[in-house]
Amino acid sequence: MPEFDDEYWMQQAIEMAKKAEQCDEVPVGAIIVKDNQIIGTGYNQVITHNDASAHAEIQAIRNTGKNIDNYRIINTKLYVTLEPCMMCVGAIVHARITEIIFGAYDPKTGMAGTQDNCFEKPYHNHSVEILGGILELDCARQLKAFFRRKRGG
């Protein structure tokens, strides 16, 4: 089996974001990869589920936990199309995900380096590697186009 690169996996997360957009949700998608295979997926469903915690990352963590029958998701990479917020950082740390790779930076609530870096707080008992900006333009365009349509422009 070929070893896929970060751009390949981010493209899979972008496909998940399209599912969110089809539900009129903010198009953010996430996948979790272990041993070169997707073991969990998620996309924004906060409106669909009337659940403020139903961000793409949380949904992917929930899906993966069910798939592997464990709440610890060790030795994995989470790919998400938008920089995580504070809530998602906490879930990623508690799930013990090894690495987070994100696409677009979030200038308002980005907590993986833009507004703050909550992954690097000394009180966490687990460290997460961070890589941002993978297919950044594609991810940002998807979000901007969605909000342009919502605003009627």
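The values are calculated or read from the model by the stated rules, or taken from the named source; none is laboratory data. No experiment lies behind these values; they were computed from the predicted model shown. FYI the Cβ positions are ideal-geometry reconstructions off the backbone, even for glycines, and counts take in every protein chain you see. These area figures cover heavy atoms from the full protein model, side chains too; ligands, DNA and RNA do not enter into them. Shrake-Rupley method; radii C 1.70, N 1.55, O 1.52, S 1.80 Å.
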Once the Cα atoms of helix 6-22 and of the chain are each reduced to a long axis, what angle between those two axes, in degrees from 0 to 90 to the nearest 10, is obtained?
-> 50
With the full set of protein chains in place, find how many percent of the accessible area of the chain is carbon and sulfur; take the probe as 1.4 Å.
-> 51
May I ask which of Lys18/Lys150; Lys66/Lys144; Lys77/Lys108; Lys19/Lys77; Lys34/Lys144 have a Cα-Cα span longer than 27 Å here?
-> Lys66/Lys144; Lys34/Lys144
For region 119-142 versus region 55-89, the gap between their alpha-carbon centres in whole angstrom | 13
Mind ranking 44-55, 119-130 by how tightly packed they are, going by the mean number of other C-beta atoms within 10 angstrom, highest first?
-> 44-55, 119-130
Which of these, Gln59, Gln142, Gln37, has the largest mean-square fluctuation under a Gaussian network model of the chain (Cα springs below 10 Å)?
-> Gln37
Add +1 for every Lys or Arg and -1 for every Asp or Glu among the other residues with Cβ under 14 Å from the Cβ of Cys85, and state the total.
-> -3
Compute the acute angle (0 to 90°) between the alpha-carbon long axis of helix 86-95 and the principal axis of greatest extent of the alpha-carbon atoms of the chain; round to the nearest 10°.
-> 30
In region 28-106, which trypsin sites (Lys or Arg not before Pro) are in a loop and have at most 14 other Cβ atoms within 10 Å, using DSSP for the loop call?
-> Arg72
Quotient of C-alpha Rg and 2.2 N^0.38 Å, computed over region 101-153 = 1.41
Log10 I(q)/I(0) at q = 0.16 Å⁻¹ for the chain, from Debye over equal alpha-carbon scatterers, is -0.80
